[in-house]
Structures are given as C-alpha cells and as structure tokens.
Amino acid sequence: MEVARTRPKLLMLGADALVWDSVRVMLGSMGYHCVVASTLKEALSLLKVQKPDVAILDPRQVGSPPARMVAAFHKMIPTLRGRTIVLTDKESDPELLRVLDAYSLPQVPRHLLLQGIWPSLDSLLRGNIVHRQITQSARLVLDSFLQPLGADVRYSQQFSARRLLYESEDLIADLSLEPQVDSQRITVVGQVLDAAQPARQLASFSIVLQGQAGPITVATTNELGEFHFDFDSEPGLTLEIGVKRDHWISLELPDPKGAIKEATEESQLPETAGDSEGRKDLLPKKKKRR
C-alpha cells in the first residue's frame, strides 16, 4: 500500500527575489512547498494560513536591525523554534551573532546557501526537533528606590544608582542601574548568583534586554556571572537570562520615571527600627575575584 507523503512547508522571510527564486526552484524539486514573506508582519499573517514546518530568515533584507528582527521572530513565533535557519555573512553584525548564540539558532553562510540549505532543513525535519522555550518570571524582592528615605536624600535618587534584586528558585539576579549624567542612557551592572551553590560557575549565560519593539542589546556573563551594558531609558523593559538551553528567566524592569514618584511618596512614611536590618538580610554576598 502506498502512503501519500505530506509536502513540508517552508517559510522564507527576507532576501531578494533572485535568491529566493533559486532556493524555491531547488527545494520545490525536492518536495518542499515554499511561501515567501518580505516583512515580519507579512510572515505572521502567512503563519495563520500556511502553518509552515520550517523557516529560513535573511535578516539583512527586512528593513530593521538584523538582531532585533531575528529575536522578535524567535519570540513571537514559538512554533518554529528549533526549526528556523538564519542566513549569515562573514561581515554579519556582532549583535546578530550574539542573538544567534543566545537562542541557539542554526545558521547557514549566505555564500553556501544552495549547497548548505537542504542538508540543514533535512536534518531539522528528520530529527523532529521542536524546542519549547520555558520562561519563568523572577520575583522582585528589593528595589532600593522604594525603601523609606529621609527628606534630605529623597530628591537625589534620580541621580544615583538603583539597586534591584530578583529571585527565581535558587538563582538571584543582582542589578545596579545608574543613569548617565546629562543623558537618557542608563548603565546596568549585574551579577547572576546561585544561592544553593555559591561556588557554581555561571559563565556564558546569555543576557537579552527586551524592549516593546524587540531586543535592545545582548550580553554574556563572565566567570563570576557578571555582565554590563548601556541602553536608552524607556518603559516596558524586560531582562531575559538564558540559564540553559530553552530555559530562560524573565526580569521585569520598573519604569525609571515612575519609580521617582513612588520613591518620593514612600520616603514620607516613617521607617521602623527593623526595616533597615530586614533589607540587609535580603542582599546576597557577591563573588569576588581572587
């Protein structure tokens, strides 16, 4: 008895028409049904109708920063995680390469597209790999701007570093956000710690700062779990920490403008004798270089 084989559907996003025409002819002869989208919005519309099995992205052609487009596609289309290939160049943006590494996205060099694309697609489909990203929300346990303050210091907070402490199971994220003088930019210095295993090496964790329109910047922890970067202040920011493959911790960063008002209101409340001691107990002991 002969069983009909379903043709795998391939979504191609970006790139110029000549490149996609060559790929479509080659893959069509191998049994693929190819659909093309020129923008991420168009791709999202096609997904509802076509339901592709795999995707190829050419981030340089979509009209937005390559790293932002790839990360947005990865986040907005979970059904194609582990089934998306990204085209790269020797001169690819370092930010894009960090995003590919952070999300473990397979890549094919653009100059080897015709030779390398079919083996890569065949491997993804035959392996039947569908990665499900697990994201846990970390709990904010300390915000230095929301602690009771004396009247003589309440107005100076907008110019000082802001301490944020998050917990997710045994992992602790300790952040310091400091506004740059005469600028809308903010410097973040952070460290990821394991409360259960203080000696654990937390190097090479991927850190992705997400804005409302997509990723803003990407960093990687050093051997002490430390990282830092600068960014322009805006509302709706989240910090994502990749603790292992497809397992992320999400930290919702407070609105820097709203915190000033909240801190001012909190500073008018009397502080009890145990408040300061209680806050000290929350602070983790940071690893130090030997």
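Computed values, structure above
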read-out: Pairwise FRET efficiency - His111 versus Leu140, Cβ, R0 = 41 Å, nearest 0.05; value: 0.30
read-out: Largest to smallest accessible area among Lys75, Lys41 [probe 1.4 Å]; value: Lys41, Lys75
read-out: Calculated FRET efficiency for the pair Trp118/Glu223, C-beta based, R₀ 45 Å, to 0.05; value: 0.65
read-out: Mean Cβ neighbour count within 10 Å, used as a protection proxy, ranking 44-53, 176-185 highest first; value: 44-53, 176-185
read-out: Trp20, Trp118, reordered so the largest accessible area comes first (probe 1.4 Å); value: Trp118, Trp20
read-out: Label point distance in nm, Ala17-Met76, each placed 7 Å from Cα along Cα→Cβ; value: 2.4
read-out: Leu237 long-range amide H proximity, modeled H, under 5 Å; value: Leu253
read-out: Whole-percent carbon and sulfur share, accessible surface of the stretch 24-66, 1.4 Å; value: 59
read-out: Amide H contacts of Thr135 (H built 1.01 Å from N, under 5 Å, at least 5 apart or other chain); value: Trp248
read-out: Packing-based ranking, highest mean first, of 103-112, 78-87 given that Cβ atoms within 10 Å are counted; value: 78-87, 103-112
read-out: Label point distance in nm, Asp230-Val49, each placed 7 Å from Cα along Cα→Cβ; value: 4.6
read-out: Per-residue SASA entry for Glu252, accessible area with 1.4 Å probe, Å² rounded to 10; value: 140
read-out: Kirkwood hydrodynamic radius over Cα pairs of the stretch 176-256, then Stokes diffusion coefficient at 37 °C and 0.692 mPa s, in µm²/s; value: 246
read-out: Projected label distance in nm at Glu252 and Asp170, using a 7 Å step from Cα toward the beta-carbon; value: 2.7
read-out: Set Lys48/Lys75; Lys90/Lys244; Lys75/Lys244; Lys51/Lys244; Lys41/Lys90 screened for pairs whose C-alpha atoms are more than 20 Å apart; value: Lys90/Lys244; Lys51/Lys244; Lys41/Lys90
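The values are calculated or read from the model by the stated rules, or taken from the named source; none is laboratory data. Note that the structure is a prediction, hence the values are computed from the model and not measured. Methodologically, a virtual Cβ is constructed for each residue, glycine included, from the backbone with ideal geometry; neighbour enumeration extends over all protein chains shown. Remember, those area values only see protein heavy atoms, side chains included, never the ligands or the DNA or RNA. Shrake-Rupley method; radii C 1.70, N 1.55, O 1.52, S 1.80 Å.
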